[in-house]
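The values are calculated or read from the model by the stated rules, or taken from the named source; none is laboratory data. Remember, predicted model here, so these are calculated numbers, not experimental data. Note: ideal-geometry Cβ built from the backbone for every residue, glycine included; neighbour counts use all protein chains shown. Protein only, heavy atoms only, side chains kept; ligands, DNA and RNA dropped before computing areas. Shrake-Rupley method; radii C 1.70, N 1.55, O 1.52, S 1.80 Å.
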Amino acid sequence: MGKQGSNGWTRREALQSMAVAGAAAAWTPRGLAQERKLGVALVGLGYYAGHLLAPALQLTRHCRLAGLVSGTPAKLEEWQRKYAIADANVYSYDDFHRIADNPDIDVVYIATPNHVHKSLTEVAANAGKHVWCEKPMAMNAAEGEAMIRACRDNRVQLAVGYRMQHEPNTRRFMAMAKERPFGRIIKLRADAGWFGWRDGADGAWRLDPARGGGAMYDMGVYCINAARYCTGMEPVAVQAWDETARRDLFKGVDETTRFRLEFPDDIVADCVTSFGRELNTLQVDCERGWYTMSPFQGYEGNQGRASDGTVFEPQLGARPRMQAEQMDNDAQSILQGTAPRAPGEEGLADLRVVDAAFASAKADGRRVEIARG
């Protein structure tokens, strides 16, 4: 399997991640046995937490659902009854900081709209809790840097919810970036999208620019991350075009964005992300063949094939097995004091691309160089 370091981090970022891993080892209290399950508090009790994360926690070997954080009292009451969560482990956003006094909670998993990822991460880190944060990590790279800094300063781990990097076929594609079984990579295609709001707006936060709505934030990061882990490189520039069709519905956010990433060695990745099209394909074209996965970012059934006849069969089983695998792996990183597979630096690298893509789209596809750490 490919190692995380092959994803093209800068040396400084890799050293930062190692420092955080060492800090986590130092944090681990005496007697924290490998078999002890880490207490996880879910922050934000929406669809993803309710339908995937909470059920997945029931399947994990190294975690347990120990706490709840929400701004909706009715949700908290319902979840408490369903999962037998003690009153002392239930918080609103206003008193979330009190989690610092709760030894029953080791990790917080942030599954809220994007605009509060940074502030909630900082509160959790200052409370001495490890942080798992859903993608996209933040609204921009500056916020991502602040989140990494807060966790590093408080000697806790920060992992981004890139569940695909825990999926076996994806891990195989990551390894092939280094092995190059079909020779030099020439180009990639990564498309991710779904058709939403067929009957109009419903107050969804993904249509709100202030809360981090739009296809690029929600689905575009799958394309960016895939292009990075399939090359093992960092893109140097991007061109992006906003191709939104339903502008009466998508006001201030993108329905569809097409973008091209430039990598070293003349490699290009052509990508489309959308809330107006069903898209779920990743393909890598090489000088002596190709390999593809479709779906490549589903909750289950990710599968593919290669030009030499290799078949990549689905590996993990029915949902929410992938989320359980992700949380177990991240929990083991905390317990063992090692770097997580997708640390904050990984999310930050994608945010740098997102920032540049937004700038390019506003300039009608002008080529924009991507900032480096």
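Mind telling me which of the residues Ala54, Ala49, Ala41 ends up being under 20 Å from the mean Cα position of the chain (by Cα), closer than 21 Å to Tyr217 by Cβ, open to solvent by less than 20 Å² (accessible area, probe 1.4 Å) and at pLDDT 95 or above?
Details: Ala54 fails: closer than 21 Å to Tyr217 by Cβ; Ala41 fails: closer than 21 Å to Tyr217 by Cβ.
Testing whether each residue is under 20 Å from the mean Cα position of the chain (by Cα), closer than 21 Å to Tyr217 by Cβ, open to solvent by less than 20 Å² (accessible area, probe 1.4 Å) and at pLDDT 95 or above leaves just Ala49.
Which condition number does Ser360 fail, the rest of (1) more than 30 Å from Thr244 (Cβ to Cβ); (2) assigned to a helix (DSSP H, G or I); (3) not hydrophobic (A, V, I, L, M, F, W, C) being met?
Here Ser360 clears every test but (1).
Any residue at all in the range 214-227 that is of a type in the set (A, V, I, L, M, F, W, C), surrounded by fewer than 21 Cβ atoms within 10 Å (Cβ to Cβ) and either in contact with a Lys or Arg (Cβ under 9 Å, 6 or more places away or on another chain) or more than 22 Å from Ala141 (Cα to Cα) (or both)? Don't jump to the end; show me each part of the working.
Initial filter on the range 214-227 (of a type in the set (A, V, I, L, M, F, W, C)): 215-216, 219, 221, 223-224, 226-227.
Those left that are additionally surrounded by fewer than 21 Cβ atoms within 10 Å (Cβ to Cβ): none.
No: the range 214-227 contains no residue that is of a type in the set (A, V, I, L, M, F, W, C), surrounded by fewer than 21 Cβ atoms within 10 Å (Cβ to Cβ) and either in contact with a Lys or Arg (Cβ under 9 Å, 6 or more places away or on another chain) or more than 22 Å from Ala141 (Cα to Cα) (or both).
Restricting to the range 57-89, give me the number of residues that are under 16 Å from Cys133 (Cα atoms) and part of a helix (DSSP H, G or I).
Number of matching residues: 1.
Of all residues being open to solvent by 40 Å² or more (accessible area, probe 1.4 Å) and among the hydrophobic types (A, V, I, L, M, F, W, C) in the range 58-96, which is nearest to Met322 (Cα to Cα)? Just the residue, please.
Leu59
Can you tell me which condition Gly347 does not meet? The list is (1) of a type in the set (Gly, Ala, Ser); (2) open to solvent by less than 10 Å² (accessible area, probe 1.4 Å); (3) under 30 Å from Ile110 (Cα atoms); (4) part of a loop (DSSP other than H, G, I, E, B), and all the others hold.
(4)
Is it the case that some residue within the range 246-255 is open to solvent by less than 50 Å² (accessible area, probe 1.4 Å) and not in a loop (DSSP other than H, G, I, E, B)?
No, the conditions are met nowhere in the range 246-255.
Please state which one of Gly193, Gly232 is touching a Leu at 6+ places or on another chain (Cβ under 9 Å) and touching a residue at least 12 places away in the same chain (Cβ under 8 Å).
Just one listed residue meets the conditions, Gly193.
Conditions (1) surrounded by fewer than 18 Cβ atoms within 10 Å (Cβ to Cβ); (2) under 21 Å from the mean Cα position of the chain (by Cα), marked per residue:
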site	(1), (2)
Asp270	yes, yes
Gly289	yes, no
Asn302	no, yes
Glu313	yes, no
Arg319	yes, yes
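Inside the range 97-201, counting only strands (runs of 3 or more DSSP E) that do not spill past its ends, which hold 2 or more residues that are open to solvent by 10 Å² or more (accessible area, probe 1.4 Å) and at negative phi? Give the derivation first.
Details: elements: 107-110, 130-133, 158-160, 185-193.
In the range 97-201, 185-193 are the strands (runs of 3 or more DSSP E) which contain 2 or more residues that are open to solvent by 10 Å² or more (accessible area, probe 1.4 Å) and at negative phi.
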